[in-house]
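The values are calculated or read from the model by the stated rules, or taken from the named source; none is laboratory data. Computed from a predicted model, the values in this text were never measured in an experiment. Glycine also receives a Cβ, built like all others from the backbone with ideal geometry; neighbour counts cover every protein chain displayed. Surface accessibility is based on the protein's heavy atoms, side chains included, excluding ligands, DNA and RNA. Shrake-Rupley method; radii C 1.70, N 1.55, O 1.52, S 1.80 Å.
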Amino acid sequence: MSPASKSPAAASGASRTGRRPAGEPGRVAFVGVGPGDPELLTLRATRLLGAADVIVVHEATASLFREYFNPAAEIVEPGTVNPVTLARSAGLVARIFLGDPGVGSVLADEAKACVRANVPFEIVPGISAITGVPAYTGIPLTDGKHRDVTVVDAQEGGVDWTAYSGAATLVILGAENTIGEVAKGLIAAGRSDTTPVAVTSMGTTTEQYTVASTLARVASAAKNLDEPALIVVGDVVGWRDKLSWFETKPLFGWRVLVPRTKEQAASLSEQLRSYGAVPEEVPTISVEPPRTPQQMERAVKGLVTGRYEWVVFTSANAVRAVRERFEQYGLDARAFAGLKVAAVGEQTAASLVEFGIRPDLMPGSQQSSEGLLEVWPPYDKDLDPINRVLLPRADIATETLVAGLTELGWECDDVTAYRTVRAAPPPQPIRESIKGGGFDAVLFTSSSTVRNLIGIAGKPHNVTVIAVIGPQTAKTAEEYGLRVDVTADKPSASALAEALAEYGAKRRAAQVEAGDPLRKPSEMRRGARRRK
């Protein structure tokens, strides 16, 4: 479930004052936000949430969709203030409903109040749990043999189940706490006690959990499920064994610690989400400018005046440092015209491409300084007009690359482009989760992330899966007493995420084959909550 690349609030150009612009009438938008997965928001919903001056929403729902809210919006709990009253003083009031506003909500009453008060309003449909949750469960509500679907709201109880005894497929809402009564009522109405039933809690979120059973057994099978839950009754439930796609993702529901800054972790976190994980980014280092800027000033001047034949970037941070310095001087990527550029690693290359520079040289399979030296050409005075290389890097970088280039006949200007310092400790709940086994896995992308994470937050619990980017990082982790479970086959963040997904898939397959309950690593620690 990823954030938008650009804030909807910023894109809308709407008022951020929280007050109604002069001459513009207040209005109310009744916005459906879907069953829980933020990526199921409609485009219209994101635009309105990004422009709203007041957002009426329950706090639990707000936590799921806050990244799409106008940062200046006032947040109001439903029931505390009438949306009509709010609309008279604010420009746009967004009244949020989980699912679709027209299903199982008070939309009719609130919209009627707008009509009476002559307040303009609109209704923005959302994906209803009725269709969204079964889709995420792998259950099509109709198929070639079953063409009708009946929806029952059982929240108030007192349902006459005989009226639904002949329905091919039943979707039942609001019966989380009365599953046993519902099953008995359907059996008494004539349904076979072997009729397939699926109960799904927290549908479309990474907490989704589905129990597939029969009317005779569902009451005991579905104990301890979280609310909200949705029940599907009928033969279409049988499709789940073949079509389950969401809960079977290799890292489904895994809480994965990514000890990198938000900028560094963006693509890695997106990849983890595609595997069903819930990434949590915790910076372990802080990148700061060099203590004295003179070295970088001379280096930039040398780039412009033709002092260098090559520029070598060993990290995305180095690219960012040079780019920021260029922008200070009013320069851009055109200043690299005529220069050869080398990059160590895929992420560094991606940062260069974003800057407008395509690297001329990269390592082969070993994406490291040693790998770059293996493909670096020796200096040839007949072919290379200049024998000088600029190497902008961190203050704690090793000397391997400089020594290797010198051996090949090149002169290196080794310039401190940025400093790395240990980041501040994360909030206490994060520290407790790290040490207490609340994370299912942690990804270490360098030896420094191992040292710094343990330094600022403590040692990960022994149930936590430890995944490392390469042998050197594995060695450091083992020196700190960590058991390394996963090592990437090549030193890239993408390969590391893929290796963790393969580990998760094998772990899940082994549990299925053994007939064991599907449990995440964090659920294996003592005292962890386990679903029956």
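Counting only helices (runs of 4 or more DSSP H) wholly contained in the stretch 377-466, the ones carrying 2 or more residues that are open to solvent by less than 50 Å² (accessible area, probe 1.4 Å) and farther than 21 Å from residue 309 by Cα occupy 428-436, 447-457. Screening the candidates 307, 260 for the property of being over 22 Å from residue 345 (Cα atoms) and either assigned to a helix (DSSP H, G or I) or in contact (Cβ under 8 Å) with a residue 60 or more places away in the chain (or both) yields one hit, 307. Scanning the stretch 310-326 for residues that are open to solvent by less than 40 Å² (accessible area, probe 1.4 Å), part of a helix (DSSP H, G or I), out of contact with any Phe, Trp or Tyr (no Cβ under 6 Å at 6 or more places or on another chain) and not β-branched (Val, Ile, Thr) yields 316, 318, 325, 326. The condition of being of a type in the set (Val, Ile, Thr), over 23 Å from residue 61 (Cα atoms) and either in contact (Cβ under 8 Å) with a residue 60 or more places away in the chain or in a helix (DSSP H, G or I) (or both) holds for only one of 150, 131, 162, that being 162.
Residues that are of a type in the set (Ser, Thr, Tyr) and assigned to a loop (DSSP other than H, G, I, E, B) within the stretch 478-528 comprise 480, 492, listed in sequence order.
Specify the residue that is most open to solvent (accessible area, probe 1.4 Å); the eligible residues are those in the stretch 213-236 that are assigned to a strand (DSSP E or B) and closer than 22 Å to residue 165 by Cβ.
Looking only at the stretch 213-236, we keep the residues that are assigned to a strand (DSSP E or B), and these are 213-214, 229-233.
Still in the running and closer than 22 Å to residue 165 by Cβ: 213-214, 230-233.
Details: 213: 21, 214: 37, 230: 9, 231: 8, 232: 4, 233: 2 Å².
The selected residue is 214.
Could you list, in sequence order, all residues of the stretch 69-98 that are of a type in the set (A, V, I, L, M) and not in a helix (DSSP H, G or I)? Within the stretch 69-98, 72, 73, 75, 76, 81, 90, 92, 93, 94, 96, 98 meet the criteria.
Output the residues belonging to the stretch 287-297 that are touching a strand residue (DSSP E or B) at 6+ places or on another chain (Cβ under 9 Å) and surrounded by fewer than 13 Cβ atoms within 10 Å (Cβ to Cβ).
First pass over the stretch 287-297, keeping only residues touching a strand residue (DSSP E or B) at 6+ places or on another chain (Cβ under 9 Å): 287-292, 295-296.
Once the filter is applied, which keeps residues that are touching a strand residue (DSSP E or B) at 6+ places or on another chain (Cβ under 9 Å) and surrounded by fewer than 13 Cβ atoms within 10 Å (Cβ to Cβ), the stretch 287-297 yields 288, 291, 292.
I need the full set of residues from the stretch 165-188 which are in a loop (DSSP other than H, G, I, E, B) and either open to solvent by 20 Å² or more (accessible area, probe 1.4 Å) or modelled with pLDDT of 95 or more (or both), in order please. Selection gives 165, 166, 168, 174, 176, 177, 178. Only residues that are at pLDDT below 90, open to solvent by less than 20 Å² (accessible area, probe 1.4 Å) and in contact with an Asp or Glu (Cβ under 9 Å, 6 or more places away or on another chain) were counted across the stretch 327-373, and they come to 1. Only a single item in (1) open to solvent by 50 Å² or more (accessible area, probe 1.4 Å); (2) under 19 Å from the mean Cα position of the chain (by Cα); (3) of a type outside the set (A, V, I, L, M) is not met by residue 504, and it is number (1). Among the residues of the stretch 99-128, those that are in contact with a strand residue (DSSP E or B) (Cβ under 7 Å, 6 or more places away or on another chain) and either in a strand (DSSP E or B) or among the aliphatic types (A, V, I, L, M) (or both) comprise 99, 107, 111, 119, 121, 122, 123, 124, 127.
Candidates in the stretch 83-97 are the residues that are surrounded by 15 or more Cβ atoms within 10 Å (Cβ to Cβ) and not hydrophobic (A, V, I, L, M, F, W, C); of these, the one that is farthest from residue 37 (Cα to Cα) is 91.
Considering only the stretch 275-304, state which residues are of a type in the set (S, T, N, Q) and either touching a residue at least 24 places away in the same chain (Cβ under 8 Å) or assigned to a loop (DSSP other than H, G, I, E, B) (or both).
Of all residues in the stretch 275-304, those of a type in the set (S, T, N, Q) come to 284, 286, 292, 294-295.
Within the stretch 275-304, 284, 286, 292, 295 meet the criteria.
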